[in-house]
Amino acid sequence: MIYFDRVFKHYELRGGGKKHVLRNVSGIIRPGDSIGILGRNGAGKSTLVRMLAGVEHPSSGRIERRMSVSWPLAHGVGLQTTMSGSDNARFIARIYNQPFKKVLDFVENFAELGPYMAMPVRTYSVGMMGRLLLGLSFAVDFDCYLIDEVTATGDQRFVNRAQQILAEKTRGRSLVLVTHVPEHLKLYCRSAAVLNEGSLTFFEDVDEAVATYKAL
Amino acid sequence: MSTYTGGTNGLPEGFPQRKSGLAQTIEGFQVQGRVIHALLLRELQTRFGRGELGFLWLFLEPLILAIGIGALKSFTREGGPVPPFLYAVVGYAPYFAFRAIINRASAAFQANSSLMYHRQVRLLDILLARNLLEMSAVTCVLVVILAGALWVIGFTPQSVPMVVGSMLLLFAFANGLSLLVAAGCARWEMLERFVHIYTYISLPFSGALFSLHSMPKEFREALLWNPQANLHEMVRDGMFGDLIPAYYDFPYVLAWVLGVNLLGLAAVRAVRSRLEF
């Protein structure tokens, strides 16, 4: 479960002033929930995901996590781009206390990077990096996955495989998905929320959320 | 997901409780140990590559530097009754580690913000891993050089525990400062420039180059306010004992070391919630 209560977040702007990203956002993510988050560019979706992950701290309010939550799976983050794919797997295995062999086998099988596993991650394409990221996080087996757009960058084959694993994984587990692709939202999520001007509105029905988002 | 407020203890009813007290602390230390271990190995690898000589470079580089400076100093015959080569190395080698620790701390957050997306990786762990590495590199250098000194001229340090103890204190002092620098630079980017300038102009005042005994009294008195100068004197005292009179105030140094470490820990903690990714 992730519980967040009256969360505010603002950034201090260079040259004075404040940018308010989230105002009074509350909610609960229970085991088995799969929530899509919609919002325009710069609405604060990624900030919200980073705060749910515990990477960034709210300006005020509280966030409590009582399940294992993945790091925010966004492009390139959580990886060391000068290291190879398999060295990244080694690092992830160490900090998440997993057997290296298990993580490496899973990633090799899932991400299908072949010889690229021995290449520095900075040489990867966006899609390859997304595959590596998701592969690493699936290998660790979290209770809750926070996915920020990385599913959108893959080719059809990868999208299908990710869907398949997420469908397995999210049974009894939780998913928070940030995406701009309404079709992905309908595939992965059973409910959705729209983030606009700092406030988060929940919808039981995904179609309703998509309609609200499109009307923004 | 649903909006929800109320319940006991500010949390909704039926919300799982966190592990309490000691159990949580022990788990925390286990996680920290794993993270520092992983960071250490990563740091070794990214800095020195995976090549055959990779890990060796860690201390070959400062070793060559120390030998070079030591050889140069041999010609100037500083240090009075002690071997000038050793006199120079014993001052420079710890000083270089000290400076590297402080300088590298200024970019600690920026250079590692991607790894801090894993919430168990903390700024403190990143700094501890780096500092441990610098510390072990210069320790290896000193061990090699002292072994060489024993073999070539039959020199042994006057008091090995004193050398080890004062080196540890010197590293602890650098560690505390590095925490303050890393926290400060993560908060105010401007600070990074000043740190580099400071580490250069502070060299003459560090007490690393010359023993305080070789200085005029007023100079010595002034430099003794600098805990770093005290620490270098302590290292020299352990090495050369009575050959060069040493000047230092141990309680004063200890107070500084504890002070900067406590302040440093508080600073990295205080800055955590303000970090922007």
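The values are calculated or read from the model by the stated rules, or taken from the named source; none is laboratory data. As the structure is a prediction and not an experimental result, all values here were calculated from the model. Here the Cβ positions follow ideal geometry from the backbone for every residue, glycine too, while neighbour counts run over all protein chains shown.
Only one of these is of a type in the set (Val, Ile, Thr) and modelled with pLDDT of 85 or more: B:Ile101, B:Ile67. Name it. Even if it seems obvious, please write down each step before you answer.
Numbers: B:Ile67 fails: modelled with pLDDT of 85 or more.
Just one listed residue meets the conditions, B:Ile101.
Would you point out which residue out of B:Val195, B:Val235 is touching a Ser or Thr at 6+ places or on another chain (Cβ under 8 Å) and over 19 Å from B:Gly91 (Cβ atoms)?
From the options B:Val195, B:Val235, the qualifying one is B:Val195.
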What's the total number of residues in segment A:56-79 that are under 21 Å from A:Leu22 (Cβ atoms), outside any strand (DSSP E or B) and more than 7 Å from chain B (Cβ to nearest Cβ)?
4
Residue under evaluation B:Arg130, criteria (1) of a type outside the set (Val, Ile, Thr); (2) in contact (Cβ under 8 Å) with a residue 40 or more places away in the chain; (3) within 14 Å of chain A (Cβ to nearest Cβ), criterion not met:
(3)
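Mind listing whichever residues of segment A:53-76 are buried (at least 23 other Cβ atoms within 10 Å of the Cβ) and aliphatic (A, V, I, L, M)? Outline the logic, then answer.
Within segment A:53-76, the first condition is being buried (at least 23 other Cβ atoms within 10 Å of the Cβ), and the residues that meet it are A:53, A:56, A:70-73.
Once the filter is applied, which keeps residues that are buried (at least 23 other Cβ atoms within 10 Å of the Cβ) and aliphatic (A, V, I, L, M), segment A:53-76 yields A:Ala53, A:Leu73.
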With respect to the numbered conditions (1) surrounded by fewer than 21 Cβ atoms within 10 Å (Cβ to Cβ); (2) more than 9 Å from every other protein chain (Cβ to nearest Cβ), which one is the sole condition not fulfilled by A:Thr82?
(2)
If you scan segment A:1-53, which residues turn out to be within 9 Å of chain B (Cβ to nearest Cβ), in contact with a Pro (Cβ under 8 Å, 6 or more places away or on another chain) and among the β-branched types (Val, Ile, Thr)?
A:Ile28
Any residue at all in segment B:262-270 that is surrounded by 15 or more Cβ atoms within 10 Å (Cβ to Cβ), within 14 Å of chain A (Cβ to nearest Cβ) and either touching a helix residue (DSSP H, G or I) at 6+ places or on another chain (Cβ under 8 Å) or farther than 21 Å from B:Ile101 by Cβ (or both)?
yes
